[in-house]
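Below: one structure, written as structure tokens.
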Amino acid sequence: MSEKGEVDLTGAKQNTGVWLVKVPKYLSQQWTKAPGRGEVGKIRICKKGTQGKPEVTFTLNEELTVIEGIEDKMVSTPREHPFTMQSVGGQMLAVFTETSSGQAEERSDGSNSGSGAKAGPDKIALEGVVVQRAECRPAVSANYMRLKRLQIEESSKPARLSQQLSKAVTTNYKPVANHAYNLEYERKKKEDGKRARADKQQVLDMLFSAFEKHQYYNIKDLVDITNQPVIYLKEILRNIGIYNVKGTHKNTWELKPEYRHYQGEEKTDT
């Protein structure tokens with residue numbers, strides 16, 4: 001819809017009458033294959049007598065009768081389609097079209113005027129008022145019956161089929177029994193399970209003894225020194241130590257100021 005909500009009513013002024021026709025799905029699919037979306041067939045209107053109703057027949061172009069993807073060459077789209085005419089009744093029906101009024105603005109050299117340029121608003125136009133309704137039906141023939149049979153067979157096929165392979169498929173992703181990170185996790189878990197928790201005071205003594213030699217340790221070294229589970233060791237370290245998350249000694253532990261006592265030159269390293 002345009003920004004102002006305006007509708008082009010030229011079709012109403014010209015009193016253009018249009019037909020509203022219902023067509024089979026297979027017929028509309030064949031129409032889309034017409035070269036350049038041009039002519040798809042011809043409509044013949046015959047009137048018998050002065051009072052008789054007109055007989056309307058649509059004939060599909062012969063080149064559009066070929067159905068792609070079907071092995072059976074005996075099956076093709078029917079060409080003759082008679083119309084079943086219906087009255088509009090008390091309804092007021094109209095046909096509208098919606099088209100884009102323009103793309104993003106372009107300069108004379110063909111380049112866009114800017115990255116923020118947008119396409120223009122859509123244009124709504126009245127093409128005409130429906131004066132006749134009809135239903136396009138295929139003429140019953142052997143060709144049409146073959147087409148219907150094929151459609152029923154295709155619709156009844158299962159979406160997935162099992163197939164026996166003569167040899168192993170090597171082009172697809174090959175699963176592994178276990179991934180490397182799972183193996184590493186299991187190894188660490190097993191090692192922690194072997195480590196028995198020692199008395200808290202005994203662990204503290206080992207930690208203080210280690211920190212007398214060096215000021216900074218990563219958790220892996222402290223695990224090796226104390227031979228304690230990581231989770232248990234971290235619980236104790238939180239009470240006596242500080243974990244450095246940045247700086248020169250990032251990802252290392254050191255004692256809190258009240259617990260520090262270093263040997264030699266480590267004493268000046270704060």
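The values are calculated or read from the model by the stated rules, or taken from the named source; none is laboratory data. Model, not experiment: these values are computed from the prediction. Cβ atoms come from the backbone with ideal geometry, glycine included; neighbour counts cover every protein chain shown. Areas reflect the complete protein model, heavy atoms only, side chains present, ligands, DNA and RNA absent. Shrake-Rupley method; radii C 1.70, N 1.55, O 1.52, S 1.80 Å.
Taking H as built 1.01 Å from N, whose amide H comes closer than 5 Å to the amide H of D122, not counting residues under 5 places away?
S101
Explain nothing, just compute: Karplus ³J(HN,Hα) = 6.51 cos²θ - 1.76 cosθ + 1.60, θ = phi - 60°, for every residue of the stretch 155-160 in order, whole Hz, x for Gly and Pro.
For the stretch 155-160, the Karplus-derived couplings read 6, 8, 6, x, 5, 10 Hz, x marking Gly and Pro.
Mind listing the long-range amide H neighbours of G241? Cut-off is under 5 Å, sequence gap 5 or more, other chains count too, H placed in the peptide plane at 1.01 Å from N.
Sorted by chain and number, the residues that satisfy this are K256.
Ignoring ligands, DNA and RNA, what percent of the 1.4 Å accessible area of the stretch 195-259 is carbon and sulfur?
C and S atoms contribute 50 percent here.
Relative to the compact globular guide of 2.2 N^0.38 Å, what is the alpha carbon radius of gyration of the stretch 195-259, as a ratio?
Rounded to two decimals, the normalised Rg is 1.03.
Please work out how much accessible surface I152 shows to a 1.4 Å probe, ignoring ligands, DNA and RNA, in Å² rounded to 10.
110
Per residue of the stretch 251-257, what does 6.51 cos²θ - 1.76 cosθ + 1.60 with θ = phi - 60° give for ³J(HN,Hα)? Whole Hz please, x for Gly and Pro, Karplus curve as stated.
Working through the residues one at a time gives 6, 10, 9, 9, 6, 5, x Hz.
Run the simple label-point estimate for I225 and Q29 please: 7 Å along Cα→C-beta, distance reported in nm.
7.6
Could you pull out every residue, at least 5 positions away or on a different chain, whose amide H is within less than 5 Å of the one on Q132? Hs are placed 1.01 Å off N in the peptide plane, and Pro or chain starts have none.
Sorted by chain and number, the residues that satisfy this are V18, L20.
Apply the Karplus parameterisation 6.51 cos²θ - 1.76 cosθ + 1.60, with θ equal to phi minus 60°, to every residue of the stretch 203-219 and state each ³J(HN,Hα) to the nearest whole Hz, in sequence, with x for glycine and proline.
Once rounded to whole Hz, the list reads 5, 4, 4, 5, 5, 4, 5, 5, 6, 6, 8, 9, 7, 10, 9, 8, 5.
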